[in-house]
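Heads up: the structure comes next, in structure tokens.
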Amino acid sequence: MPYTHHLRVYKSAENLDRKDQLAWKLAELATDPVEPTAEVTDMVINRVIDNAGVAAASLTRAPAVAARAQALAHPYVPGATVFGLPVDSTHSPEWAAWANGVAVRELDFHDTFLAAEYSHPGDNIPPVLAVAQHAGSTGAALVRGIVTGYEIQVDLVRTISLHQHKIDHVAHLGPSAAAGIGTLLGLDTETVFQAIGQALHTTTATRQSRKGQISTWKAHAPAFAGKVAVEAVDRAMRGQTSPEPIYEGEDGVVAWLLDGPDAAYDVVLPGPGEPRTGILDTYTKEHSAEYQAQAIIDLARALGTERPDLRHPSNVASVVLHTSHHTHHVIGSGANDPQKYDPTASRETLDHSVPYIFTVALQDGGWHHAASYAPKRAQRADTVELWRKVTTAEDPEWTRRYHSTDPAEKAFGGRVEITTTSGEVVTREIAVADAHPLGARPFARADYVRKFRTLAVGVLEEAEIERFLGLAERLPELTPAEVRALTIVARPGLLASAGSPRGLFDLATSGRGPGGA
């Protein structure tokens, strides 16, 4: 039976027993030897493929290039591989987790889970994989570690809202990644407990990274949490302890960063011996954009094909997207961010602008991870004119469905009302994206493979595509040597064409000291 942990704040004088703390319960979950089900294992394989595909497409983008350059400055044996580099090029696992985490997140194109909080659970894979390669783990152990990372992140996201208090969602990722690494390595409960506490303590940050002019740090934030999780596990293995109780303390996370000293949450976790199935409740993206925009893209591309006249701003008086609180306030006009209507805004800003996304998908009848964000595309005159006629409005019913715990009615879409210049009102609605498990075309293994192949075009040679897929699809059977080869190697010359920015870690190899000219 599932276990419900009642989380509240305790004064120091109450002396909360360690085994009654949430971090301990999460550590117990991580150290309970439960084998993944066949369905869960199959989904882990899908997400490993998904992560590699979106990473491939970002290998020459500036954040991934910079993070890879930092990892290159930290060679290590045995170490871990870095996406794009040769299999025999290994680096310190925390820096490999960092570089791969940035590559995975850069395009905002991998999996998602949305409940009380928002998350991309696939962010757990880079740190767990990096440690698996460094430690010489088997594929079966890697699967178990990834399953724990997903389970704990999903369980926390279901109940504990961070964004409500302007805390970034990676505060749930640090603990989940640390726990996943603990499962991978077969660590004891005490060690995992200390690692979870340290990882949480060092990964709480504000949501300004997703507000206003969104910067390249958006891709780095989850990678930082993964890197910190690796380091937290290392310290905990050396006997170093964490602040406690990290969640429940009177000066802890709940009391001062979340709902305050009178707060209480009921966190539901799998009971001892129960399967960890959280990954099955998550969903990937067909389109490279914020998840709340997925269904809107599907609606817009279908509507544009059905009614091509609506693609022309001269025919449209106004467009209103009636949607959930989150979509309206985070990626809609309710955010009150003028940058969401700025044709010169960064890609990171545009992929958090549903007015822009709706406009381009309507006009183009589709969405492309690069072309749809190109400056020339964003600055097209007819697009800008139509884009500025698009607003969002919160609809209580869409908000209720967004937060529903019933999978059959949980929805991330909305209703669009377009008023034409002739006075006609065109209305369409969509509840979930086509690729969602309840959508028109739910993603299955063939779709993940197709997505990977599409994103790998021009990045990986055909033989490399087949080599990676051959390993990934045998994930639970892989030997330690095969786990160390579970990476993607860029085609010759690709990475060199992207350059390599120099920074602090390069000073020692440049012939200049810190004060050199």
Taking the range 262-288 and the residues there that are surrounded by 16 or more Cβ atoms within 10 Å (Cβ to Cβ) and of a type in the set (D, E, K, R), the one that is farthest from His120 (Cα to Cα) would be Arg276
Within the range 464-492, of all residues that are basic (Lys, Arg) and not in a loop (DSSP other than H, G, I, E, B), the one farthest from Ala140 (Cα to Cα) is Arg467
Of the residues in the range 217-252 that are more than 26 Å from the chain's Cα centre (by Cα) and among the acidic types (Asp, Glu), the one that is nearest to Ala99 (Cα to Cα) is Glu244
Only unsatisfied item for Ala446, checking (1) surrounded by fewer than 21 Cβ atoms within 10 Å (Cβ to Cβ); (2) touching an Asp or Glu at 6+ places or on another chain (Cβ under 9 Å), is (2)
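Per-residue answers, yes or no, for (1) within 25 Å of Thr216 (Cα to Cα); (2) of a type in the set (D, E, K, R); (3) in the same structural domain as Gly260 (by TED's automatic domain parsing); (4) assigned to a strand (DSSP E or B):
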| residue | (1), (2), (3), (4) |
| --- | --- |
| Leu26 | no, no, yes, no |
| Glu39 | no, yes, yes, no |
| Arg47 | yes, yes, yes, no |
| Gly53 | yes, no, yes, no |
| Ala56 | yes, no, yes, no |
| Ala66 | yes, no, yes, no |
| Ala71 | yes, no, yes, no |
| Pro86 | no, no, yes, no |
Exactly one of Val483, Val426 is surrounded by 14 or more Cβ atoms within 10 Å (Cβ to Cβ), in contact with a strand residue (DSSP E or B) (Cβ under 9 Å, 6 or more places away or on another chain) and at pLDDT 95 or above, and that residue is Val426
The residue that is surrounded by the fewest Cβ atoms within 10 Å (Cβ to Cβ), considering only those in the range 75-93 that are farther than 21 Å from Ala225 by Cα, hydrophobic (A, V, I, L, M, F, W, C) and touching a residue at least 60 places away in the same chain (Cβ under 8 Å), is Val87
query = Would the range 301-310 turn up any residue that is at pLDDT 95 or above and either more than 29 Å from Thr399 (Cα to Cα) or buried (at least 24 other Cβ atoms within 10 Å of the Cβ) (or both)?
reply = yes
With the first residue restricted to the range 12-27 and required to be surrounded by fewer than 11 Cβ atoms within 10 Å (Cβ to Cβ), and the second required to be in a helix (DSSP H, G or I), Cβ contacts under 9 Å at 6 or more apart or on different chains are Asp17/Trp24
Only one of Tyr356, Tyr373, Tyr291 is surrounded by 20 or more Cβ atoms within 10 Å (Cβ to Cβ), modelled with pLDDT under 95 and among the aromatic types (Phe, Trp, Tyr), namely Tyr291
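The values are calculated or read from the model by the stated rules, or taken from the named source; none is laboratory data. Predicted model, so just to flag it, every value in this text is computed and none were measured. Neighbour counts run over all protein chains shown; Cβ positions are idealised from the backbone, glycine included.
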